[in-house]
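The values are calculated or read from the model by the stated rules, or taken from the named source; none is laboratory data. Because the structure is a prediction, the values reported are computed rather than measured. Backbone-built Cβ (ideal geometry, glycine too); neighbour counts: all protein chains shown. Just the protein is used for accessible areas: all its heavy atoms, side chains included, with ligands, DNA and RNA removed. Shrake-Rupley method; radii C 1.70, N 1.55, O 1.52, S 1.80 Å.
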Amino acid sequence: MAFFFHTLADHSDDVNYCAFSSSCLATCSLDKTIRVYSLGTFAELPYSPLEGHAYAVHCCCFSPSGLLLASCSTDGTAALWDTRDGRRLAVLPQPGASPVRVCRFSPQAAYLLAGAADGSVVLWNVRSLKLYRSGKVKGGSLMACAFSPNGNFFVTGSSSGDLTIWDDKMRCLYNEKAHDLGVTCCDISSHPLSDSENGFKYFQMASCGQDNQIKLWLILFADFLGVQLKYKCTLNGHSAPVLACAFSCDGQMIVSGFKITKTLLQSTGNTLHTLSQHSRYVTTCAFAPHSPLLATGSMDKTVHIWQLDLKQPCAGDTVENESKMAVEDWSEDDVSAWLCAQDLADFVGLFKMNNIDGKELLNLTKESLANELKIESLGLRSKVLQKIEELRMTTISVSVPDEFLCPITRELMNDPVIATDGYSYEREAMENWISSRRSSPMTNLPLHSLMLTPNRTLKMAISRWLESQQK
C-alpha cells in the first residue's frame with residue numbers, strides 16, 4: 001500500500017524527472033529549472049531553483065555520494081551542480097549540440113553518461129570534466145539509460161525501440177529490439193539474481209515504452225560468455241504509454257507510470273496498488289534510497305510524495321492475503337492516511353471521532369454511513385462506499401475468475417462492455433484504447449466497428465461473486 005501525503009507544486013510547466021539522494025529530492029521541468037528539496041521537511045533549499053539552462057530540463061540525477069547533481073537540457077548541454085550551495089560547477093556541451101534527453105552517474109561517480117536526441121552517447125570524466133568516450137545508437141533518439149550496479153556495463157534505450165548494452169569502454173556488446181513504438185525508460189535492479197545451478201549472477205532490468213508495456217529482462221555479463229540478454233516476462237495492466245519505471249532499492253518492487261507492481265523471481269508480477277492522484281501523464285517516478293518514500297512527477301506540473309507500507313508477506317502468503325491482513329490491522333491513523341490518498345480528507349475528523357480502524361472500515365455499509373456516521377449527502381456516501389468496495393476487492397482471499405478481469409488492465413471489471421471482436425473489456429479502458437487505434441487488444445486485428453455494447457450478464461455475475469466473497 002502507498003499513502004499519498006504531500007504535493008510539490010512549484011514548477012510552472014510539465015515535470016520531466018525526479019531523483020532522490022539520501023537527504024534531498026531534485027525535480028526538473030519544461031520551465032527550464034531544477035528544484036531541490038530537503039527530505040526532512042520537503043522545504044525547498046535556499047539555493048533552489050537552479051537556473052542556467054536555456055531551454056527545458058529533461059533529466060536530473062545525483063551522484064552516489066549526493067554531493068553532485070547533474071542535469072541535461074534541450075539546450076544541448078549537461079550541467080554539474082554542487083548540492084551544498086547550488087553552484088554550477090561545469091557545463092558539458094554535447095558533441096553536435098543535440099538536445100540531451102537523459103543523464104546518469106556511474107556507480108563510482110567516475111563518469112557521467114549523457115544521451116541525446118541525435119542518438120549520441122557520451123561518457124564524461126567527472127574529475128577532469130573532459131570527454132572520455134562517445135558512441136551512437138543506430139536510428140532514433142536516445143531516451144533512456146541505466147548502469148549496472150558494478151559499473152561494468154550500461155544499457156541505453158532509443159526511440160526506435162532498441163535496447164543496447166555497452167561496456168565501460170563504450171563498446172557496443174548487444175542490441176535487442178524491445179519495444180515496437182520506442183523505449184521511454186529503463187532501470188537495472190541493484191540486487192543481482194543468483195543462478196545456483198550454474199553459479200552465475202544475473203542483473204534484472206525493466207524497460208518500458210510507447211507500446212503500453214513494461215518488460216523484465218535478465219542480463220548475464222561474463223568475460224567468457226560475453227553478454228546475454230534474456231526476456232523474462234511482460235507486466236500488463238497499462239492502457240497507455242508507460243513513460244517511466246524504477247526498481248525499489250531492495251529490488252522487490254517496480255513503480256511504473258501509475259502502478260506499483262511486485263516483481264517476483266518467477267516470470268510474473270502482481271499489482272499491489274494503483275496511484276491515481278495525478279490528472280495527466282506520469283512522466284517520472286523514483287524510490288528514495290534509505291526511506292520508504294516514492295516520488296511521482298507529471299505533466300500536471302506537480303510532484304507527489306507517497307509513503308510506502310513495506311510490510312512483506314510470509315513465505316507462501318499471497319499478495320491478496322497480505323493486503324487483507326494489512327487492512328484489518330490498520331490503526332485509526334492508517335485509515336486517516338487512506339482517506340487522504342482517496343481524496344476523502346474531509347472525512348478524517350469524522351472517522352477519528354467514531355474510532356474507525358481498519359476492521360471497522362471494512363465493515364461499513366451504506367446504512368452505517370448514513371445512520372451512525374451521519375453522512376447526509378447521498379453523493380458523498382456513495383463516493384465513500386465505492387472506495388471501501390475497491391479496498392474490499394484487494395482483501396479477497398481467493399483468486400478472481402479470469403473472465404471477470406479486463407484483458408487490458410487485468411483488473412476486476414466494474415462496467416464491462418463487449419467490443420466487435422467478441423471480447424469483454426472495462427468500458428473506460430477500451431474507450432481509451434480505441435481513441436488511438438482501431439485494432440483488437442486481444443487479436444490485434446482491425447475492429448470493424450467501434451461500438452461497445454454493455455455486457456449486463458457479466459456485470460451481474462461479477463456482482464453476485466463479489467457478494468459471495470463478503471459473506
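If residue 65 satisfies all but one of (1) more than 17 Å from residue 93 (Cα to Cα); (2) buried (at least 16 other Cβ atoms within 10 Å of the Cβ), what's the number of the condition it fails?
So the condition that residue 65 fails would be (2).
Could you please let me know if residue 55 is under 25 Å from residue 159 (Cβ atoms) and in a loop (DSSP other than H, G, I, E, B)?
yes
Of all residues in region 141-166, which are in a strand (DSSP E or B) and either over 21 Å from residue 247 (Cα atoms) or of a type in the set (A, V, I, L, M, F, W, C) (or both)?
142, 143, 144, 145, 146, 147, 153, 154, 155, 163, 165, 166
Do any residues in region 429-455 that are within 14 Å of residue 238 (Cα to Cα) have Cβ atoms under 6 Å from those of residues that are open to solvent by 30 Å² or more (accessible area, probe 1.4 Å) and not in a loop (DSSP other than H, G, I, E, B), where the two are at least six apart or on different chains, and which pairs are they?
441/433
Quick one: in region 392-413, which of the residues that are modelled with pLDDT under 75 and in a helix (DSSP H, G or I) is surrounded by the fewest Cβ atoms within 10 Å (Cβ to Cβ)?
402
I need the full set of residues from region 432-471 which are open to solvent by less than 60 Å² (accessible area, probe 1.4 Å), among the aliphatic types (A, V, I, L, M) and closer than 26 Å to residue 389 by Cα, in order please.
Passing the criteria: 452, 458, 461, 462, 466.
Name the residue, out of 226, 251, 237, that is buried (at least 22 other Cβ atoms within 10 Å of the Cβ), in the same structural domain as residue 213 (by the TED database), at pLDDT 70 or above and not aliphatic (A, V, I, L, M).
One residue alone meets the criteria, 237.
Yes/no matrix, rows are residues, columns are (1) more than 30 Å from residue 167 (Cα to Cα); (2) among the β-branched types (Val, Ile, Thr):
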{"residue": "40", "(1), (2)": "yes, no"}
{"residue": "49", "(1), (2)": "yes, no"}
{"residue": "71", "(1), (2)": "no, no"}
{"residue": "98", "(1), (2)": "no, no"}
{"residue": "102", "(1), (2)": "no, yes"}
{"residue": "105", "(1), (2)": "no, no"}
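Which is surrounded by 16 or more Cβ atoms within 10 Å (Cβ to Cβ) and among the charged types (D, E, K, R), of 104, 127?
On inspection, the qualifying residue turns out to be 104.
Give me a count of the residues in region 193-209 that are modelled with pLDDT of 90 or more and either open to solvent by 50 Å² or more (accessible area, probe 1.4 Å) or not hydrophobic (A, V, I, L, M, F, W, C) (or both).
The number of residues fulfilling the criteria is 3.
Looking at region 20-61, which of its residues are surrounded by fewer than 21 Cβ atoms within 10 Å (Cβ to Cβ) and in contact (Cβ under 8 Å) with a residue 60 or more places away in the chain?
Selection gives 22, 39, 42.
How do the strands (runs of 3 or more DSSP E) wholly within region 59-110 filter down when requiring 2 or more residues that are aliphatic (A, V, I, L, M) and within 27 Å of the chain's Cα centre (by Cα): which remain?
The strands (runs of 3 or more DSSP E) meeting that bar are 68-73, 77-82, 100-105.
Could you look through region 167-192, keep only residues that are open to solvent by 60 Å² or more (accessible area, probe 1.4 Å) and assigned to a loop (DSSP other than H, G, I, E, B), and pick out the one that is farthest from residue 102 (Cα to Cα)?
This residue is 191.
Can you name the condition, by its number, that residue 328 falls short on among (1) open to solvent by less than 50 Å² (accessible area, probe 1.4 Å); (2) at pLDDT below 80; (3) closer than 19 Å to residue 385 by Cβ?
Of everything listed in (1) open to solvent by less than 50 Å² (accessible area, probe 1.4 Å); (2) at pLDDT below 80; (3) closer than 19 Å to residue 385 by Cβ, residue 328 misses just condition (1).
Could you please tell me which pairs satisfy a Cβ distance under 9 Å, a separation of 6+ or placement on different chains, a first residue in region 239-255 that is closer than 22 Å to residue 159 by Cβ and of a type in the set (S, T, N, Q), and a second residue that is open to solvent by less than 30 Å² (accessible area, probe 1.4 Å) and assigned to a loop (DSSP other than H, G, I, E, B)?
Pairs found: 239/212; 239/406; 239/408; 239/409.
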